[in-house]
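Note sheet for the following structure.
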Amino acid sequence: MPPTRAEKARATRTRILDAAHELFVTNGWTRTSVEDVARAAGVATQTIYYTFGTKHALFKELLDVRVAGDHDDVATLDRPWAREVLAEPDPARHLALHVAGARAVLERVAPLLRVLRDAAPGLPALADLWAANQEQRRTVAATLTNALATKSALRTSTQVATDITHALLGPDTYGTLVLDLGWSPQAWQDWATDALVRQLLP
């Protein structure tokens with residue numbers, strides 16, 4: 001059965017996003033043009049403008065899709081991995097599941113977040129996007145840490161525990177160890193889980 005028009009459009013959108021990811025991560029924001037993405041995706045430049053509107057909108061959707069891992073409009077805290085963390089009664093297991101979920105996201109998005117972080121200082125729209133991503137990550141860390149505090153006494157205040165979780169599971173820490181120093185994602189996950197257990201649980 002031949003693909004429907006909607007399926008073809010979705011496949012084209014995915015191909016454009018995949019091409020954009022490769023180019024943004026390799027070349028950075030400034031040296032990646034809409035024309036470059038169109039050429040890499042095998043589509044007309046006008047197709048990208050028609051589909052996304054602007055280069056910024058293309059990047060934003062790419063970031064959203066990479067964070068989520070799919071095209072579904074579902075908030076992070078409503079996704080199965082986060083709901084599993086919230087429902088887990090054992091505090092150590094709670095932290096292990098949280099780190100595993102963070103790893104899955106960071107494997108997809110850490111290189112792209114570097115592009116955003118580096119470009120943000122000179123471009124207000126990207127600075128806003130970076131700030132929004134930071135705020136979203138902070139909200140996830142706070143929600144899951146507050147849930148942890150209902151399952152176990154913590155070694156520190158919930159505020160400090162949230163700070164530690166936010167920093168430890170952030171793209172900068174992951175990027176330094178995995179992207180720069182060559183740790184495997186599994187090694188990072190094991191280390192981060194052990195560090196959070198030691199830092200947060202009695």
inquiry  = Less than 13 Å Cβ to Cβ from Arg137, Lys/Arg counted +1 and Asp/Glu -1: what total charge do the surrounding residues give?
reply    = -1
remark   = Carbon and sulfur atoms account, in whole percent of the 1.4 Å probe accessible area of the chain, for 54
key: Simple Cβ-charge dipole of the chain, Lys/Arg +1 and Asp/Glu -1, about Cα centre, in debye nearest 20   = 180
ask   = Counting alpha carbon pairs within less than 8 Å and at least 6 residues apart, what relative contact order, in whole percent, applies to segment 1-129?
value = 25
message = Starting from 0.36 nm per residue, how many nanometres of slack lie between His56 and Val160 once their C-alpha separation is accounted for?
response = 34.0 nm
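The values are calculated or read from the model by the stated rules, or taken from the named source; none is laboratory data. What you see is a predicted model; the values in this text were computed from it and never measured. Quick reminder, even Gly has a Cβ in these numbers, built from the backbone with ideal geometry, and neighbours come from all protein chains shown. All accessible areas refer to the heavy atoms of the entire protein, side chains included, with ligands and DNA or RNA removed. Shrake-Rupley method; radii C 1.70, N 1.55, O 1.52, S 1.80 Å.
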